[in-house]
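To start, the structure under review is shown below, and the notes come after it.
The values are calculated or read from the model by the stated rules, or taken from the named source; none is laboratory data. Everything quoted here is computed from the prediction, not taken from an experiment. A quick note on method: Cβ atoms are made from the backbone with ideal geometry, for glycine too, and the neighbour counts reach across all protein chains shown.
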Amino acid sequence: MIEGTTTTHRAWLLLSGVIVVWGLHWTVTKVGLESIPPMTYAMLRVLVGAIVLALLMRRRRRLALPDRRDLPVILSYGLLAIAAATALMTVALLSAPAGRSSILTYTLPLWVVPIMAWATRSLPTRREIVGLALGLGGLMLLLNPLAMDWSSPDALVAAAMLLTGAVLSAIALVHVRVHHWHGTPFDVQMWQLLVALVPLTVLAFILEQPTSVSWDLRTVAILLYSGVLATAFAYWASQSATLTVGPVVASITYLGVPVVGVLGGALILGESVPLTDLLGMIVIGAGISLVALAHHSDLVAREDRPSR
């Protein structure tokens, strides 16, 4: 077992938590951007996450410099999956509906599969490919390209930003799996956030006025959700689960995020949910279930195989 991995059962629980937290976070962010500038929002959520993790590490007496051999994964995940992807997502949400934005971002497995194949010289299993096809097919039903206004420059720029964020996150997710870990995701998570905080802070002060934030109870609640759950918890849980189930299985499972995102956008923001969206959710659910069952079957087969 790779150091830092968790049990398979716990990994699936973590993935389920990430799906719900990140799915609802699109709607939370959309609301938060009404009172917080985008780069300032990204900076503050990462800052809150880093503070929370520092307090947890101190309480557990694990607040120490990470092993320098984990520096590559600290830099790659911090800069690509957190700083770049968060900044691109937050800015794109200014001109894109919350539900549709989450759909474009979770083309993630489309990029993870070829990157993982190139990095490890291995191909996904047949059932993973079928699950991926089902999941992406459902994603296209949710996206419904014919219903989008492709003539709008703002929509095209937002789509390009979200797709770029998905590619960068895919690269970081694969690196989490192939990196030879010397600590654990918990040991490096705060340092990844601190790495991400540097460019986000620079951009916030260059492009915006962070001191202009309208502070009230709603703003505090939004930043606590974004910082504690969607940042400190979700990024740690994502890396921990990926070490156990692998980036292909994890990224296909994350197709559940836009399902929660679309439902959250409908329930909280009043965004419409046409019949094609409901059909897409069912197809995505079938793809995730197939991959989960295939992964479970593979584990059972390996446990039943006699040792030599």
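Taking residues in the range 122-145 that are over 27 Å from Leu275 (Cα atoms) and part of a loop (DSSP other than H, G, I, E, B), and partners anywhere that are of a type in the set (A, V, I, L, M) and at pLDDT below 75, the pairs with Cβ atoms closer than 7 Å and at least 6 places apart or on different chains are Thr125/Ala294. Out of curiosity, is Leu168 more than 30 Å from Thr276 (Cβ to Cβ), surrounded by fewer than 24 Cβ atoms within 10 Å (Cβ to Cβ) and either aliphatic (A, V, I, L, M) or at pLDDT below 75 (or both)? So Leu168 does not fit the description; no. Within the range 98-115, if we keep just the residues that are at pLDDT 70 or above, out of contact with any Phe, Trp or Tyr (no Cβ under 9 Å at 6 or more places or on another chain) and assigned to a helix (DSSP H, G or I), the residue that is surrounded by the most Cβ atoms within 10 Å (Cβ to Cβ) turns out to be Val112.
Thr211 meets each of the listed conditions (1) of a type in the set (Ser, Thr, Tyr); (2) surrounded by fewer than 23 Cβ atoms within 10 Å (Cβ to Cβ); (3) closer than 28 Å to Ser16 by Cβ apart from (3).
Does Arg61 satisfy being on the phi < 0 side of the Ramachandran plot, among the charged types (D, E, K, R) and either touching a residue at least 12 places away in the same chain (Cβ under 8 Å) or surrounded by fewer than 21 Cβ atoms within 10 Å (Cβ to Cβ) (or both)? No; evaluated as a whole, the condition is false for this residue. If you go through the range 197-222 and keep only what is over 14 Å from Met39 (Cβ atoms) and in contact (Cβ under 8 Å) with a residue 12 or more places away in the chain, you end up with Ser214, Asp216, Arg218, Thr219, Ile222. When we screen Leu194, Leu229, Leu223, Leu278 for residues that are modelled with pLDDT under 80 and either hydrophobic (A, V, I, L, M, F, W, C) or under 25 Å from Leu141 (Cβ atoms) (or both), the only hit is Leu278.
From the list Ser272, Ser307, the one residue that fits, being modelled with pLDDT under 75, closer than 18 Å to Met140 by Cα, among the polar types (S, T, N, Q) and not in a helix (DSSP H, G or I), is Ser272. Taking the conditions exactly as written (modelled with pLDDT of 85 or more, surrounded by 19 or more Cβ atoms within 10 Å (Cβ to Cβ), hydrophobic (A, V, I, L, M, F, W, C) and over 29 Å from Phe205 (Cβ atoms)), does Val18 satisfy them or not? When the stated conditions are applied, Val18 passes them.
Between Ala50, Ala54, the distinction of being at pLDDT 95 or above and more than 19 Å from the chain's Cα centre (by Cα) belongs to Ala54 only.
Here is a check on your reading of the model: is Val188 within 27 Å of Pro66 (Cα to Cα), of a type in the set (Val, Ile, Thr) and crowded, with 18+ Cβ neighbours inside 10 Å? Yes. Just to verify a result, which residue in the range 228-279, among those that are among the aromatic types (Phe, Trp, Tyr) and surrounded by 22 or more Cβ atoms within 10 Å (Cβ to Cβ), is farthest from Gly135 (Cα to Cα)? In this case the residue turns out to be Trp236. Determine, yes or no, whether Arg69 is assigned to a loop (DSSP other than H, G, I, E, B), surrounded by fewer than 20 Cβ atoms within 10 Å (Cβ to Cβ), touching a residue at least 12 places away in the same chain (Cβ under 8 Å) and out of contact with any helix residue (DSSP H, G or I) (no Cβ under 6 Å at 6 or more places or on another chain). Considered against the rule, which asks whether it is assigned to a loop (DSSP other than H, G, I, E, B), surrounded by fewer than 20 Cβ atoms within 10 Å (Cβ to Cβ), touching a residue at least 12 places away in the same chain (Cβ under 8 Å) and out of contact with any helix residue (DSSP H, G or I) (no Cβ under 6 Å at 6 or more places or on another chain), Arg69 comes out as no.
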